[in-house]
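The values are calculated or read from the model by the stated rules, or taken from the named source; none is laboratory data. All values derive from a computational prediction rather than experimental measurement. Cβ atoms come from the backbone with ideal geometry, glycine included; neighbour counts cover every protein chain shown.
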């Protein structure tokens, strides 16, 4: 069943907003892949290797959707490009060691299958590199469900710039207002809204508040039972219909 924090939308929405759903664009980490625990462990090991005390290490910055270079600068300060590249390779190695623990997010195969069956295009738009993105989808056996895959190696600015989502829409041959983006990071939500797309913020309940603050039109902790109907309603709903439920979003923890 849909989560209690899920935004309730008008089922007649498409006529209100004047748009119809043609495509759903998914982020990879935290949306398609349950990869955050592996990433967090890899980053923690890397940062401890660089002399940071694990007891005082706050990893919240990892979940904001920043590119790798910004994460390294946040925790380590100004570093040379060559050192940044070396540390990036080390982080990739640490992630690869635990890759056998990688699982798909619950319900994602069902949602992709529903959307495909209903004629809705699906795309992946991720800041991850091309190899890791494709390997993850192949590992889950879901590559065939995506008509377009856009990675962080494509030209353009990273999230929160809208480039990656706009490129996905162009490659699918659809308009931005006909798309819904499913994102779990603040940068991703900001990028989706900057692209002129409706955004479903998808995260554990404790993190929904920050996605609402970033401008997510919809808040879910679990994928809806009828994904096609839910995302169609999201495209059609007015901003006022979406904004009202935000007051009931969970408050941030101290």
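Of all the residues in the range 69-98, those that are within 15 Å of residue 45 (Cβ to Cβ) and touching a helix residue (DSSP H, G or I) at 6+ places or on another chain (Cβ under 7 Å) number 10. Pairs meeting the criteria (first residue in the range 224-245 and in the same structural domain as residue 208 (by TED's automatic domain parsing) and farther than 16 Å from residue 179 by Cα, second residue modelled with pLDDT of 95 or more and not in a loop (DSSP other than H, G, I, E, B), beta carbons under 6 Å, at least 6 apart or on different chains) are 224/230. Assessment of the range 31-38 against the conditions (more than 19 Å from the chain's Cα centre (by Cα), closer than 23 Å to residue 220 by Cα and at pLDDT 90 or above) yields no matching residue. Inspect all residues belonging to the range 39-52 and state whether any of them is surrounded by fewer than 16 Cβ atoms within 10 Å (Cβ to Cβ), without any contact (Cβ under 8 Å) to a residue 12 or more places away in the chain, outside the structural domain of residue 141 (by TED's automatic domain parsing) and more than 21 Å from residue 131 (Cβ to Cβ). Yes, because at least one residue in the range 39-52 is surrounded by fewer than 16 Cβ atoms within 10 Å (Cβ to Cβ), without any contact (Cβ under 8 Å) to a residue 12 or more places away in the chain, outside the structural domain of residue 141 (by TED's automatic domain parsing) and more than 21 Å from residue 131 (Cβ to Cβ).
Taking the range 123-148 as the range and being under 23 Å from residue 186 (Cβ atoms) and buried (at least 16 other Cβ atoms within 10 Å of the Cβ) as the test, the residues that pass are 123, 124, 125, 126, 127, 128, 132, 133, 136. Inspect the range 67-79 for any residue being part of a helix (DSSP H, G or I), assigned by TED's automatic domain parsing to the domain that holds residue 183 and either in contact (Cβ under 8 Å) with a residue 12 or more places away in the chain or under 23 Å from residue 206 (Cα atoms) (or both) and give the result as yes or no. No, every residue in the range 67-79 fails to be part of a helix (DSSP H, G or I), assigned by TED's automatic domain parsing to the domain that holds residue 183 and either in contact (Cβ under 8 Å) with a residue 12 or more places away in the chain or under 23 Å from residue 206 (Cα atoms) (or both).
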